[in-house]
């Protein structure tokens, strides 16, 4: 699948009184418009505030030939980042007229645990190219959202000020921008499919709880992430993380425990904020310390998803949802070598929000349901091979993957199907010969198969690549993965209460399979979801 190449020709779009000058990627017959602000710069008094939508630009000419800078994070040099990072990008078939009304795929990703990532890493030119080749052209949109403490503030003060889940609100602002402006690029605002992987899938699924998502999109695709994949707590639980962040901002350090930090933080310079972020991450004792939080009545996440599911409080839009075979391996220490370590890590994830006796009983049941038998562990289907590691590594990986990914995908798709929502599930099991064998088919393994040519580029991998992209594009354009266009592929049957089946995405066995793997284990996890903050 082709990738986007910067070409020195230009393409233009008139957005109000502004001429956007983008790039004409002639080899792919695509136009690219990048780095377009969709919100006012979240600086000064707008730092730690909900985004202010920027629906139009200043009159004149705007250079849209490149992606905008990344939002603040620790993975990049400060010179590659900016707090003025709320920008959006549009890929479209060359010369698409404003009246074309093409379906739109809007990606939220990074897949960086709400801490890292940038939109330039998720180039959609391959998806657009294949959509054109199969006769169902789409427009692809992606954007940046705020990360870490600037995107997901924690603590009592953030709660008091209503400054929670700002990254989710950035996502909503980007979708609102699409509603206002995508018609100018030839897109149809009534045919928007929201699409996410990992953190992006978590964010997108959370918008199905208590947001105006039904006015912003008509369908969704969730890759390896559901509402409670990152366990949900009130913001007060991570008060110490907020204090560590403020302590690292030199001019505000003395106020770290004052409960009144926002004023000072809004006056600090970006370099100081960056140092605070780095200091907070160095002190964090959680895998994902900056994440969406419960924000109470009227908020985007007013209660645990499982509670809202029981009330029927979720958007009823068609969706695809799936996971990879070995979601837990990437998040499990290869040094794990005892049951006690598994118990300790599980307690760290969920206490003190659950009574110790209740949590201990539940963890003991997990250990019984996931015995220390290598053939039952993850990477799955690898027999008694432990790859030179303790057998407890495979056990812990299986528990983490099912607790945070598999059980949540199953709970979400079953809940929606019971409500009559058209849903389609998948399990990605394509072997990964280029990855360490102890990782198996790990978290994020499917991404190259949707976006571009997999690194191995074998015939079997290319087949899965084309099939997956066709399924995804078919769903975005017709609300079913089975439009019959593109490469020949099996019918992907709808997940229903009477047909609980998912498609196995694997070149050697591309077929529907029953969604009953590890049924007892996941049923236990979903039987009392409050314990796991689901």
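The values are calculated or read from the model by the stated rules, or taken from the named source; none is laboratory data. Keep in mind the model is a prediction, meaning the values are calculated, not measured. Cβ sites come from the backbone with ideal geometry, for glycine too, and all protein chains shown count toward neighbours.
Suppose we keep only residues that are in a helix (DSSP H, G or I) and touching a residue at least 60 places away in the same chain (Cβ under 8 Å) within the range 13-57. Which one would you say is surrounded by the most Cβ atoms within 10 Å (Cβ to Cβ)?
So the residue we want is 28.
For the range 137-163, a residue qualifies if it is over 22 Å from residue 67 (Cα atoms) and either surrounded by 24 or more Cβ atoms within 10 Å (Cβ to Cβ) or out of contact with any helix residue (DSSP H, G or I) (no Cβ under 8 Å at 6 or more places or on another chain) (or both), and the qualifying residues are 149, 152, 153, 154, 155, 158, 160, 162.
If you filter the range 437-462 down to residues that are out of contact with any strand residue (DSSP E or B) (no Cβ under 9 Å at 6 or more places or on another chain), at pLDDT below 95 and closer than 24 Å to residue 404 by Cβ, you find that the one that is surrounded by the most Cβ atoms within 10 Å (Cβ to Cβ) is 451. Identification of helices (runs of 4 or more DSSP H) wholly contained in the range 59-169 with 1 or more residues that are under 30 Å from residue 238 (Cβ atoms) and within 16 Å of the chain's Cα centre (by Cα) yields 148-151. Taken together, 383, 452, 434, 440 contain a single residue that is touching a helix residue (DSSP H, G or I) at 6+ places or on another chain (Cβ under 7 Å) and over 28 Å from residue 481 (Cα atoms), which is 383. Residues that are more than 16 Å from the chain's Cα centre (by Cα) and within 23 Å of residue 200 (Cα to Cα) within the range 436-454 comprise 439, 440, 441, 449, 452, 453, 454, listed in sequence order.
Could you tell me whether any residue of the range 441-454 is assigned to a helix (DSSP H, G or I), under 30 Å from residue 366 (Cβ atoms) and in contact (Cβ under 8 Å) with a residue 60 or more places away in the chain? Spell out how you get there, then give the answer.
Taking the range 441-454 and keeping what is assigned to a helix (DSSP H, G or I), we get 447-451.
Going one step further and asking which of them are under 30 Å from residue 366 (Cβ atoms), we end up with 447.
Applying the additional criterion that residues be in contact (Cβ under 8 Å) with a residue 60 or more places away in the chain yields 447.
Scanning the range 441-454, I find at least one residue that is assigned to a helix (DSSP H, G or I), under 30 Å from residue 366 (Cβ atoms) and in contact (Cβ under 8 Å) with a residue 60 or more places away in the chain, so the answer is yes.
The residues in the range 233-288 that are touching a helix residue (DSSP H, G or I) at 6+ places or on another chain (Cβ under 7 Å), part of a loop (DSSP other than H, G, I, E, B) and either closer than 21 Å to residue 76 by Cβ or free of Cβ contacts under 8 Å to residues at least 40 places away in the same chain (or both) can be counted, and the count is 7. Applying the set (1) assigned to a loop (DSSP other than H, G, I, E, B); (2) at pLDDT 95 or above; (3) out of contact with any strand residue (DSSP E or B) (no Cβ under 6 Å at 6 or more places or on another chain); (4) within 25 Å of residue 413 (Cβ to Cβ) to residue 208 leaves exactly one unmet item: (1).
Which one of these does residue 416 not meet: (1) more than 16 Å from residue 316 (Cα to Cα); (2) surrounded by fewer than 24 Cβ atoms within 10 Å (Cβ to Cβ)? Residue 416 satisfies all of (1) more than 16 Å from residue 316 (Cα to Cα); (2) surrounded by fewer than 24 Cβ atoms within 10 Å (Cβ to Cβ) except (1). Would the range 183-193 turn up any residue that is closer than 17 Å to residue 118 by Cα, at pLDDT 95 or above and crowded, with 24+ Cβ neighbours inside 10 Å? No; the residues of the range 183-193 include none that is closer than 17 Å to residue 118 by Cα, at pLDDT 95 or above and crowded, with 24+ Cβ neighbours inside 10 Å.
Restricting the range 214-232 to residues that are outside any loop (DSSP other than H, G, I, E, B) and crowded, with 24+ Cβ neighbours inside 10 Å leaves a set whose member that is farthest from the chain's Cα centre (by Cα) is 220.
Is it the case that residue 467 is in contact (Cβ under 8 Å) with a residue 12 or more places away in the chain, closer than 22 Å to residue 416 by Cβ and either in contact with a strand residue (DSSP E or B) (Cβ under 8 Å, 6 or more places away or on another chain) or surrounded by 15 or more Cβ atoms within 10 Å (Cβ to Cβ) (or both)? Explain how you work it out, then say what you get.
On the way: in contact (Cβ under 8 Å) with a residue 12 or more places away in the chain: yes; closer than 22 Å to residue 416 by Cβ: no; either in contact with a strand residue (DSSP E or B) (Cβ under 8 Å, 6 or more places away or on another chain) or surrounded by 15 or more Cβ atoms within 10 Å (Cβ to Cβ) (or both): yes.
No.
Residue 519 meets all of the listed conditions (1) surrounded by fewer than 19 Cβ atoms within 10 Å (Cβ to Cβ); (2) touching a residue at least 12 places away in the same chain (Cβ under 8 Å) but one, namely (2).
Criterion first (modelled with pLDDT of 95 or more, surrounded by fewer than 24 Cβ atoms within 10 Å (Cβ to Cβ), part of a helix (DSSP H, G or I) and under 16 Å from the mean Cα position of the chain (by Cα)) does residue 172 satisfy it?
On the way: modelled with pLDDT of 95 or more: yes; surrounded by fewer than 24 Cβ atoms within 10 Å (Cβ to Cβ): yes; part of a helix (DSSP H, G or I): yes; under 16 Å from the mean Cα position of the chain (by Cα): yes.
When the stated conditions are applied, residue 172 passes them.
For residue 525, only one of the following conditions fails: (1) farther than 17 Å from residue 323 by Cα; (2) touching a residue at least 60 places away in the same chain (Cβ under 8 Å); (3) crowded, with 18+ Cβ neighbours inside 10 Å; (4) in contact with a helix residue (DSSP H, G or I) (Cβ under 9 Å, 6 or more places away or on another chain). What is its number? (1) is the only condition that residue 525 fails. Scan the range 43-58 for residues that are more than 23 Å from the chain's Cα centre (by Cα) and within 17 Å of residue 174 (Cα to Cα) and the total you get is 5.
Just one residue in the set 378, 333 is closer than 29 Å to residue 203 by Cβ and surrounded by fewer than 16 Cβ atoms within 10 Å (Cβ to Cβ); that residue is 333. Take the conditions (1) within 15 Å of the chain's Cα centre (by Cα); (2) surrounded by fewer than 24 Cβ atoms within 10 Å (Cβ to Cβ); (3) under 16 Å from residue 317 (Cβ atoms); residue 206 misses just one of them, which is (2).
Assessment of the range 291-300 against the conditions (in contact with a strand residue (DSSP E or B) (Cβ under 9 Å, 6 or more places away or on another chain), closer than 24 Å to residue 169 by Cβ and not in a helix (DSSP H, G or I)) yields no matching residue.
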